[in-house]
Amino acid sequence: MDLRDSPEEAAFRREVVDFIEKEAPRSEPGMTFEQLAAKGQNWFKQMAARGWIAPAWPKEYGGAGMSQIQQFIFNEEMAMHRAPRPAHLIIGLGMAGPTIIVHGTEEQKQRWLPGMLAGTDIWCQGYSEPEAGSDLASLRTRAVKDGDDYVINGQKIWSTIAHIAKWMICLARTDAEAPKHKGISYFVIDMKSPGLDVRPLTNMADTHEFNEVFFDNVRVPKGNIVGEENRGWYVGMTTLDFERSSVGSAVGMRQEVEEMIEYAINNQDKPTSALKLNPTLRLEMADRLIESEVGRMLSYRIASMQGRGLIPNYEASVLKVYSAELHQRIARTKTKVMGMYAQLRPGEPMAPYMGAWCHQYIRSIGYTIEAGTSEIQRNIIAQRGLGLSRD
């Protein structure tokens, strides 16, 4: 793996940096919320004009058609400069959109892709169920054909931002007699459909990200199936050609550690200084800094494989386990650095960083559960990486 940019890659990196420095919205003294919001809207329009809202999408569908390495460079620089990204659009732009581009009809592409790019249509995911999380193929939500519609009954859980979404990508069983990985179809569902009920799930950090969604005879037109009927598992699990190196997360962890170190240094002369009370904390912070750099190198490994046309398999699981558990270690170290102040939640007047570190510590519990538990990831590493048997 060569960590150096080629001349073409260096030129593209410079283009991205120049764009961010010129166009990214920044809060300035005396600026009103409305003025900052207007700058944010202009930033979004400027990114869309370049196809950078969906950098991996083909140009003919409004993307930038970036190569894997270009995507890596783009995401790395966006993270390093803390440039705003439309996080609420990630399921549409990063999951539903690429799937529809690969498996959808031309009518479906023209129907759903423009709203994703414009930022007007928010999407959510209906995969996990109460009895089908890590073993997703055991899902029980049923879709029964009735004329030109399918009637869906069942339940989904952990559906992020379903309460504000316009569309859902949903896996439902259309053939109850087929083996569990077969007989599943991939639907796009209008979130305003009669019989669809979204109920909030509040997490330990007292925030509402997740939801459970109930389907009571929800009718979905047959034209909303993406791909073939009963082949939805393969549609949903398709290895899509978009960036998955998680370099943004790796850069973000490095920035968090640097912020933590800065806080410790700036407060080291106070009587409540964590460094005075626990001198070994310096070594722990050094460990976190080294570990964050290891995480970045693992991201480079994934990007290097993709750049050579390879598909990361267990390597992606290694990165997921490492990053999730490092997020938790960083959060724990932050609470030690802040001492008793780490107990102050957002909204408390004396909470440093507006209580963000307390929130992060509580929220980090879920990192090793969501997007595939650490246990499942370790099984993948053992079987596909180390060649161990399932027994």
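The values are calculated or read from the model by the stated rules, or taken from the named source; none is laboratory data. Bear in mind the structure is a predicted one, so any value in this text is a computation, not a measurement. Glycine also receives a Cβ, built like all others from the backbone with ideal geometry; neighbour counts cover every protein chain displayed.
For segment 15-31, indicate whether the set of residues that are assigned to a helix (DSSP H, G or I), among the polar types (S, T, N, Q) and over 23 Å from residue 303 (Cβ atoms) is non-empty. Walk me through it before giving the result.
Residues of segment 15-31 assigned to a helix (DSSP H, G or I): 15-23.
Subsequent filtering for residues that are among the polar types (S, T, N, Q) retains none.
So far as segment 15-31 goes, no, none of its residues is assigned to a helix (DSSP H, G or I), among the polar types (S, T, N, Q) and over 23 Å from residue 303 (Cβ atoms).
Scan segment 180-217 residue by residue and report those that are part of a loop (DSSP other than H, G, I, E, B) and either among the charged types (D, E, K, R) or in contact with a helix residue (DSSP H, G or I) (Cβ under 9 Å, 6 or more places away or on another chain) (or both). Show your work before the answer.
To start, the set of residues in segment 180-217 that are part of a loop (DSSP other than H, G, I, E, B) comprises 180-183, 191-195, 203-207.
Listed by number, the residues that qualify are 180, 181, 182, 183, 192, 203, 204, 205, 206, 207.
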- Query: Which residues, taken from segment 87-108, are surrounded by 17 or more Cβ atoms within 10 Å (Cβ to Cβ) and part of a loop (DSSP other than H, G, I, E, B)?
  - Reply: 104
- Message: I'm trying to understand the selection: among the residues of segment 361-391, which are closer than 16 Å to residue 135 by Cβ and in a helix (DSSP H, G or I)?
- Response: 374, 375, 376, 377, 378, 379, 380, 383
- Note on the structure: Of (1) surrounded by 17 or more Cβ atoms within 10 Å (Cβ to Cβ); (2) farther than 30 Å from residue 127 by Cβ, residue 367 fails just (2)
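In this structure, is residue 3 part of a loop (DSSP other than H, G, I, E, B), of a type in the set (A, V, I, L, M) and either in the same structural domain as residue 253 (by TED's automatic domain parsing) or at pLDDT below 90 (or both)?
Numbers: part of a loop (DSSP other than H, G, I, E, B): yes; of a type in the set (A, V, I, L, M): yes; either in the same structural domain as residue 253 (by TED's automatic domain parsing) or at pLDDT below 90 (or both): yes.
Here the answer is yes, as residue 3 does meet what is asked.
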- Task: Working only within segment 253-281, note down all residues that are surrounded by 13 or more Cβ atoms within 10 Å (Cβ to Cβ) and over 25 Å from residue 320 (Cβ atoms).
- Result: 261, 263, 264, 267, 273, 274, 275, 276, 278, 281
- Item | Failed item, numbered, when residue 167 is tested on (1) touching a residue at least 40 places away in the same chain (Cβ under 8 Å); (2) out of contact with any Asp or Glu (no Cβ under 7 Å at 6 or more places or on another chain) | (2)
- Query: Can you spot a residue in segment 301-313 that is among the small types (Gly, Ala, Ser), buried (at least 18 other Cβ atoms within 10 Å of the Cβ) and touching a Lys or Arg at 6+ places or on another chain (Cβ under 8 Å)?
  - Reply: no
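Condition test on residue 245, is it in a loop (DSSP other than H, G, I, E, B), modelled with pLDDT of 95 or more and surrounded by 13 or more Cβ atoms within 10 Å (Cβ to Cβ)? Lay out the reasoning, then the answer.
Values: in a loop (DSSP other than H, G, I, E, B): yes; modelled with pLDDT of 95 or more: no; surrounded by 13 or more Cβ atoms within 10 Å (Cβ to Cβ): yes.
Spelling it out, it is not the case that residue 245 is in a loop (DSSP other than H, G, I, E, B), modelled with pLDDT of 95 or more and surrounded by 13 or more Cβ atoms within 10 Å (Cβ to Cβ).
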- Query: Would you say residue 133 is within 18 Å of the chain's Cα centre (by Cα), within 28 Å of residue 307 (Cα to Cα) and among the small types (Gly, Ala, Ser)?
  - Reply: no
